[in-house]
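Below is one structure; the comments refer to it alone.
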Amino acid sequence: PSYREGLINLHAKARHEATEHQTNDDDDDAEGEGGGGGAGADPESLHLPDDSTRPSVLADRTEATRFKNVFAAPLQIDAEYRAPVHRKTDADAKFIHKALEGNFVFSNLGKAESETLVDAFEFCPKKIGEKIIVQGEVGDYFYVIQAGSVAFEVDGTEVGTAKAGGSFGELALLYDCPRAATCKATSDCQLWRVDQNTFRKILASATMKNDNEVRDILRKVPFLKDLDEKYLNKISEALSEMKYSKGEMVVRKGDEGNVFYIIKDGKVKVHDIEVGQSKYDDQVLTAGGYFGERAIVMKEKRVANITTIENCTLLCLSR
Ligand code: CMP
């Protein structure tokens, strides 16, 4: 899968882990829902229309029971909350702002919210070799790298690195799960960090505002439009929203994919479509259009290339 799909999957995994955890904790009041399997909803109560013309990810009812909350423990919007303010130069503020723009987690922040968030970052230098985050521990801070480099290790194996402009540590804060990786400074680092409370309070208010918008989009998808509010909510909570610029390839033919996409805004072109021995004409999809479901439902390779022909916001659902 592409770098983006890797990211989407990373988030889906953390979210899933968090809700599994929650489901186990909630067994007592589960209203007859299967606890151990981690199923959130009774599959039989999902009235999903059969869509015989296009196999959909949601036609599989057991799949549909897996849609979980984005925030393991939803935060109340707290109008009284005052985020801390740490003094920094305009150049530093700009740098942090730019780094946040590059992280899809923050794509829904309004101007005021992102200013509050940037203000709340405090400077936090680290020496080469220092562990900034330890896998398995409880989350406390989210980090932006201003200078230096950081390596990520899962179970002792390096899985990636990040440098100036990169950020890390969002998973445990967002989904209330243990740290998924150890993050080590591989050179002296200048980092900025923000605490979990501020991080989640600011993000939660942006997410809630966005939820209505997302549900309106989901209602445009033929096989979702008749779903109850309750299930639309579940799906909207399980989505990651990603921005793509014009001309980006979202899906590459032949790749193994495990992300399903719904277009929130923008247009994509589906090209070089080939299913079995048949080739099909190019197709343009717009808001409410969806793609990538075949690879998920039938576990087959991507059957077409999909490229944005405008800047796009896509709602991404991981298997
Ligand atoms: P978190 O789990 O809060 O803390 C460790 C961070 O490492 C994690 O958030 C991600 O931001 C980052 N990370 C980078 N690559 C990976 C990876 N492959 N698996 C898990 N975490 C990763």
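Sort out which residues of segment 207-237 are in a helix (DSSP H, G or I), surrounded by 15 or more Cβ atoms within 10 Å (Cβ to Cβ) and of a type in the set (A, V, I, L, M), and write them in order of number. Scanning segment 207-237 gives 214, 217, 218, 232, 235. Flag: residue 128 does not match the condition of being modelled with pLDDT of 95 or more, surrounded by 13 or more Cβ atoms within 10 Å (Cβ to Cβ) and in the same structural domain as residue 189 (by TED's automatic domain parsing). If the condition is being more than 10 Å from the ligand (Cβ to nearest atom), of a type outside the set (S, T, N, Q), over 12 Å from residue 143 (Cα atoms) and surrounded by fewer than 18 Cβ atoms within 10 Å (Cβ to Cβ), then segment 165-201 contributes only 188. Among residues belonging to segment 265-286 that are open to solvent by 40 Å² or more (accessible area, probe 1.4 Å) and not charged (D, E, K, R), point out the one that is nearest to residue 238 (Cα to Cα). Result: 286. Could you tell me whether residue 151 is assigned by TED's automatic domain parsing to the domain that holds residue 194, over 21 Å from the mean Cα position of the chain (by Cα) and among the small types (Gly, Ala, Ser)? Answer is yes for this residue. Just one of the numbered conditions (1) in contact (Cβ under 8 Å) with a residue 24 or more places away in the chain; (2) surrounded by fewer than 19 Cβ atoms within 10 Å (Cβ to Cβ); (3) not small (Gly, Ala, Ser) is not true of residue 262: (2). Scanning segment 243-253 for residues that are out of contact with any Ser or Thr (no Cβ under 7 Å at 6 or more places or on another chain) and open to solvent by less than 40 Å² (accessible area, probe 1.4 Å) yields a single hit, 251.
The values are calculated or read from the model by the stated rules, or taken from the named source; none is laboratory data. All of these numbers come straight from a predicted model, not from anything done at the bench. Methodologically, a virtual Cβ is constructed for each residue, glycine included, from the backbone with ideal geometry; neighbour enumeration extends over all protein chains shown. In case anyone asks, the SASA skips ligands and DNA or RNA and just uses the protein heavy atoms, side chains included. Shrake-Rupley method; radii C 1.70, N 1.55, O 1.52, S 1.80 Å.
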